[in-house]
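Presented below is the structure to which this report refers.
The values are calculated or read from the model by the stated rules, or taken from the named source; none is laboratory data. Since the model is a prediction, treat every value here as computed from it, not as a measurement. Glycine gets a Cβ as well: all are built from the backbone with ideal geometry, and neighbour counts include every protein chain shown.
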C-alpha cells in the first residue's frame with residue numbers, strides 16, 4: 001500500500017461519505033450527493049515554521065474527525081480510496 005506524508009502544515013484527510021439511504025428509504029445517486037464536509041485525519045505534515053524558524057504544533061491529531069470545506073483541498077487517489085490534502089488552517093473545526 002502506498003503512503004503519503006504531507007509536507008508543511010498540510011494534513012491528509014479521508015472524507016467520510018454521507019449515508020446513501022436517507023430517511024424514508026430513498027436512495028440518493030452518487031451524482032446528486034454533496035461533497036463530504038466531514039473527514040478523518042489520516043496523517044499530519046512536517047509542521048508550519050514561524051518567521052524565527054520555530055516549528056508550530058498542529059491543533060489536530062491523527063484520528064480526529066474534522067469539518068472541512070466542501071470544495072477545499074487537493075483530491076488524491078490511493079488504491080481506489082479518495083483522500084484530501086488540505087492545509088490545517090482550512091479545517092473548519094474538530095468534531096468531538
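Name the single residue, out of those in the range 46-63 being touching a helix residue (DSSP H, G or I) at 6+ places or on another chain (Cβ under 8 Å) and surrounded by 12 or more Cβ atoms within 10 Å (Cβ to Cβ), that is nearest to residue 12 (Cα to Cα). My answer is 60. When residue 43 is tested against the conditions (1) within 24 Å of residue 3 (Cα to Cα); (2) out of contact with any helix residue (DSSP H, G or I) (no Cβ under 9 Å at 6 or more places or on another chain); (3) in a loop (DSSP other than H, G, I, E, B); (4) modelled with pLDDT of 90 or more, the lone failure is (3). In the range 3-28, the residues that are surrounded by fewer than 16 Cβ atoms within 10 Å (Cβ to Cβ) form Cβ pairs under 6 Å with partners that are at pLDDT 65 or above and assigned to a loop (DSSP other than H, G, I, E, B), at six or more places apart or across chains, as follows: 7/45; 7/46; 8/45. So in the range 64-79, with the set limited to residues that are assigned to a loop (DSSP other than H, G, I, E, B) and touching a strand residue (DSSP E or B) at 6+ places or on another chain (Cβ under 6 Å), which one is surrounded by the most Cβ atoms within 10 Å (Cβ to Cβ)? Among those residues, the one meeting the criterion is 68. Candidates in the range 48-63 are the residues that are over 16 Å from the mean Cα position of the chain (by Cα) and part of a loop (DSSP other than H, G, I, E, B); of these, the one that is nearest to residue 84 (Cα to Cα) is 57.
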